[in-house]
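Taking it in order: structure first as structure tokens, then the write-up.
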Amino acid sequence: MNKVRYDGAEVILVLAMAFFGAFFIFPVLRTVGEAFYVDGVFTFRYVMDVLNDATYVEGLGNAFQLGIWSTVVAVLIALPLAILADRFEFPAKRLLTTLLLVPLVLPPFVGAIGIKQVLGQSGALNSLLSAVGLADMNHPIDWLGQWRFGGMVLMTAFHLYPIIYLNVSAALANLDPALEEAAENLGCPPGKGFFFITLPMALPGLFAGCTVAFIWGFTELGVPLVFDFTRITSVQIFDGIKDLGKSPFPYALVAVVLTLTATLFFFSKRLVGGRDLSSSGRASVGRRDARPLRGVPMRACVAFFIFIIVFALLPHAGVTLVAFSGDWYLSILPSSLTLQHFQEALGHPITLPSIANSLRYASLAMILNVVLGVAIAYVIVRTKARGREWLDVLSMLPLAVPGLVLAFGYLAITREGELFRWLVDLPPFIPKDSPILLLVIAYAVRRLPYIVRAAAAGFQQTSASLEEAAANLGAGPITTFVRITGPLIAANLIAGAILAFAFSMLEVSDSLILAQEQRFFPVTKAIYILFGSLGNGPFLAAALGVWAMVFLAVSIIGAGYVMGKKMGALFRV
Amino acid sequence: MVSITIRNLTKRFGDMVALKQLNLEIRKGELFFLLGPSGCGKTTLLRTIAGFYQPDEGDLFFDSDDVTRRPPHRRNTAMVFQSYALWPHMNVFQNVSFGLQQKRLPAGVIESRVNKALRTVQMDAYASRKINQLSGGQQQRVALARALVVEPACLLLDEPLSNLDAQLRLEMRSEIRRICKEAGLTTIYVTHDQKEALSVADRMAILENGDFAQIGTPQELYRDPISRSVATFLGESNFLAGRIIEPAKRLGYWAVETNAGTFEGRITDANWKPQYNDRVSLAIRPECFHMVAEKPYASFVQGKIIRSAYLGELVHYWLDVDGLSAPVQISCLNPRQIEPAGDKVYFAETRSEDVIILNN
């Protein structure tokens, strides 16, 4: 297939590269640089010190374990679900498979508020156990203390399994069904054929999902914070903010994390990139319908789906109950229900402004994302502009860089006297210390890979000859995009945009670090601050969390309906 | 090697009846073609025989074995898919050996049989290649080897040549026939390419809207079509409306009156007895007309050339004939010169064996 050479491609490419250079490479290098250039001298000392420091090494070990175990648990959950949904027909399948995705956008950090209420020493579980005589409320079991690491793994895994589920579903859906039929035809029983033929070909999809999930778990900040688990790298870096500019250790730690994630990322892209088998195209022959399940297997299958959904949403149910509870202490369920917290939240000086702030930041970030994402995907898929391979790699790199690292970088490049100081101090447009531009850029950069993937998938599924036909009939590039390409990739774009918006609304690392003044707080920072404050703070935090969860659940269900199985294309390396 | 018997086979997809009460007997070692326009049900029938579709009614026998409810992996058919369905995570050797592994044969036997199969399709030099390193024609041959190596009860081919270029298609046609005949395989071959079917088949069936329009040898179907649709689908035909006047001297032949004159023709549908004055259609192939210098007595058309098309091995003329609404197409094999369109009147004669009388 001949790709048409477009004149604007190089311009877009240069602009996109410049954007990445300024707001991704530069801040990351600045952050990493702090670890190597200390007082104007280049040194490996601090990195070596970090690697020799027992506390930091333990933190890295714990982070690594959190990443590995939460990925393993997520695979154990997601793989059977994806296979069941691909193979069989059962009641309420559409609803169940959509609800499965909801945990993805509900931040574990908010859910952890609920988990504490359920699993705390004076929480619901202990109350339940003592009610049936299995525990003694005078000597309550410290679930979170004893099972802290396991709890963190479960929280993270039940947050991340949708990424793997989406990847595997997409890989299975893209396979030519004739490949498995050919095996059956040659005498291979159906179950065996699935394991020897279909599963190996879905492996790249599974692996791509695992990479994203592992990096996510490895650098997870919200969950350890709420579980009060400080012996983990992400929290050690976060605590490093307190003596920012004084100690190079947090930066050295960042450099180490970045090296690990980037190595893994490139390794996995190499491994997967060479063998993307699922895109070998589908035959025209109709797929055999998913087999309807009946009787006991059907009930077991539906029960499994419901169990996973309920379990994944348990913390969030906890948060919801907290938000509505008048009093919830030493009892299985709240002793009374009230709307009081929602009313009080309306009057609290932090809550309403934070919602308005988040909506503003997230919408702007979404617009920036869509414009950049479409332009980049266009250059990568449709043109032969020199350097587009580099742009491709660059646009995926934010997946490999933990939010913390970038957040630190943004702080570094906007300090007094730095090159990008104007981002936070540009009267009369940007009031002093307003993080609006910085947060919009930060949100956009972090979520750009998903939008680029979504748009690129759309471009790939839309034959270039459709555009050439329009050009042939006299339509210019812009008309062609508006009339032909745009409508054809709209589903991908809408889903990508909704996800980018949802993720931005609940972004944790950038929000916690970059918003320092109360009137500029986004929702997540407001929840974090309220949760830590005395009085009715936690209840208000829960009320705010419920609001955010409802909003995001609606978003992800909407995106799921628009995209269907194609949504897996968004979460690839 | 088995014979295949299909009895009252019906397959529905929702409200759409894809196969209607089909009956068919395919003999041992026969190379049988299913031919028809797209959407006629030929692939559905093939996939039902392979077991990928369950028929709603009817039975399917391999020899005297009822296989109607048998799952695909226990039918011992071997199918070559239109998309080839070669597994991209395995190399050529692994693809071809898969079926033998399912039969749990010893490794040595597998290796020698795979190598033999690869030699048959002239792919033995590519055993360790990845699938995506092969050209379309090579992939097609690997798919064929993968199916042949298991020595199946029957071979099922689903438009196996449709992705190849014209030259390669010609080569592979005779190649497939040679291989099937050497192995004595019962083969069902689905295609929409009539040249492929006519040149390779022992017998063939034309499917139309899920029903058999006609079953027979290539020559029977081309020479003796029993319906207008068969005559249209295979090759080209002129259709002349007419009325039966009387039986001709030869048994089975009748005289038919048309607006272009009287023709003598024959009946191909054994189940039909025409009556005097019945309205009928005559089907006459373009190459069955011959230009003659003098006006014949009967079974001819006369008219002016309005258009011609030169195809190399033959030339087509369209004659405007008085009394006929459509021009009559006639063809001449490799003529020395091409007659010009104009006012000159030409006579084209046909023999009564070449005039088919169809019951409208």
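Distance distribution P(r), chain B, all Cα-Cα pairs, bin width 20 angstrom from 0: 26, 45, 25, 4 percent.
Under the rule of -39500 (n - 2.57) per DSSP H run of 4 or more residues, summed and divided by the residues of the protein assembly as shown, what mean residue ellipticity at 222 nm is obtained, to the nearest 500 deg cm²/dmol? For the protein assembly as shown, the value works out to -16000 deg cm²/dmol. Dividing the mean sequence gap of close Cα pairs (under 8 Å, 6+ apart) by how many residues segment A:44-338 holds gives a relative contact order of 35 percent.
Under the combined filter of DSSP loop state and at most 11 neighbouring Cβ atoms within 10 Å, segment A:1-80 retains these trypsin sites (Lys or Arg not before Pro): A:Arg5. Using every pair of separate Cα atoms, the Kirkwood estimate puts the hydrodynamic radius of the protein assembly as shown at 33.1 angstrom. Under 5 Å between amide hydrogens, built in the peptide plane, is the criterion, and for B:Thr262 it picks out B:Ser299 among residues at least 5 positions away or on other chains. In plain terms, the chain from A:Val11 to A:Phe267 could stretch by 89.1 nm, reckoned as 0.36 nm per residue minus the Cα-Cα distance. With R₀ set to 56 Å, the beta-carbon distance separating A:Ala18 from B:Gln167 gives a calculated FRET efficiency near 0.60. The region of chain B that goes longest without hitting one of the GluC sites (Glu not before Pro) in a DSSP loop, each with at most 16 other Cβ atoms within 10 Å, is B:1-235. Can you give the longest stretch of chain A with no exposed loop site, where a site means chymotrypsin sites (Phe, Trp or Tyr not before Pro) in a DSSP loop (not H, G, I, E or B) with at most 15 other C-beta atoms within 10 Å? Result for the longest clean stretch: A:148-328. For the residue pairs B:Lys103/B:Lys130; B:Lys28/B:Lys195; B:Lys20/B:Lys195; B:Lys28/B:Lys273; B:Lys28/B:Lys103; B:Lys11/B:Lys195, the alpha carbons lie more than 31 Å apart in B:Lys28/B:Lys273. Between the residues A:Asn138, A:Thr55, A:Gly205, the greatest Cα displacement towards the positive end of the dipole of chain A, with unit charges on the Cβ of Lys, Arg, Asp and Glu, is found for A:Gly205.
Residues whose amide H comes within less than 5 Å of that of B:Arg70, counting only those at least five positions distant or on another chain, are absent (H built at 1.01 Å from N in the peptide plane). Along the axis of the charge dipole computed for chain A (Cβ charges of +1 for Lys and Arg, -1 for Asp and Glu, origin at the Cα centre), the listed residues A:Ile113, A:Leu258, A:Asn126 are led at the positive end by A:Leu258.
Charges at C-beta only: +1 for Lys and Arg, -1 for Asp and Glu. How large is the resulting dipole of chain A about its Cα centre, in Debye rounded to 20? For chain A, the charge dipole is close to 1360 debye.
For chain A, lysine pairs with C-alpha atoms less than 24 angstrom apart, excluding pairs fewer than eight positions apart on the same chain, total 11. Ignoring aspartates and glutamates fewer than eight residues from B:Lys42 along the same chain, the ones with Cα atoms less than 16 angstrom from its Cα are B:Glu25, B:Asp158, B:Glu159, B:Asp193, B:Glu196, B:Glu208, B:Asp211. Between segment A:375-419 and segment B:1-31, the alpha-carbon centres lie 60 Å apart.
At a Cα cut-off below 15 Å, give the aspartates and glutamates reachable from B:Lys116, other chains included and same-chain residues fewer than 8 away excluded. B:Lys116 reaches B:Asp124, B:Glu151, B:Glu182. Projecting the Cα atoms of A:Phe539, A:Val371, B:Phe13 onto the dipole axis of the protein assembly as shown, where Lys and Arg carry +1 and Asp and Glu carry -1 at the beta carbon, places B:Phe13 farthest toward the positive end.
Annotation: aspartates and glutamates with alpha-carbon distance below 17 angstrom to B:Lys304 (same-chain offsets under eight excluded): B:Glu294, B:Asp320, B:Asp322, B:Glu339, B:Asp343, B:Glu349. Local charge for B:Ser64 was computed over the other residues whose Cβ lies under 13 Å away, with Lys and Arg +1 and Asp and Glu -1, and equals -3.
Taking amide H as placed 1.01 Å from N in the peptide plane, the amide H of B:Ala18 sits under 5 Å from that of B:Lys11, B:Arg12, B:Phe13, each at least 5 places away or on another chain. Relative to the Cα centre, the charge distribution of segment A:44-338, modelled as +1 at Lys and Arg Cβ and -1 at Asp and Glu Cβ, gives a dipole magnitude of about 640 debye.
Considered as an equivalent ellipsoid built on the Cα gyration tensor, segment A:44-338 has semi-axes of 38, 31, 14 Å, the largest given first.
Sites counted here are GluC sites (Glu not before Pro) in a DSSP loop (not H, G, I, E or B) having no more than 11 other Cβ atoms within 10 Å; the longest part of chain A that contains none of them is A:1-415. One Cα centroid belongs to segment B:101-176, the other to segment A:94-172; the line between them spans 53 Å. Pairs of Cα atoms nearer than 8 Å and 6+ residues apart set the relative contact order; for chain B it is 16 percent. As a calculated quantity, the FRET efficiency between A:Phe307 and A:Arg231 at R0 = 41 Å, using C-beta atoms, amounts to about 0.80.
Using C-alpha pairs below 8 Å separated by at least 6 residues, the relative contact order for segment B:236-358 is 31 percent.
About its Cα centre, segment A:353-418 has a charge dipole of approximately 280 debye under the convention of +1 per Lys or Arg Cβ and -1 per Asp or Glu Cβ, with nothing else charged.
A crude spin-label estimate for the pair B:Lys130 and B:Ser308, with each label 7 Å from Cα along the Cβ direction, gives 5.7 nm. Computed from the C-beta positions of A:Ala317 and B:Leu251, the FRET efficiency with R₀ = 56 Å rounds to 0.05. Helix B:166-183 axis versus longest C-alpha principal axis of chain B: approximately 70°, rounded to the nearest ten.
Coordinate-derived values only; no laboratory data. No experiment lies behind these values; they were computed from the predicted model shown. Counting neighbours? That spans all protein chains shown, and the Cβs are built from the backbone with ideal geometry, glycine included.
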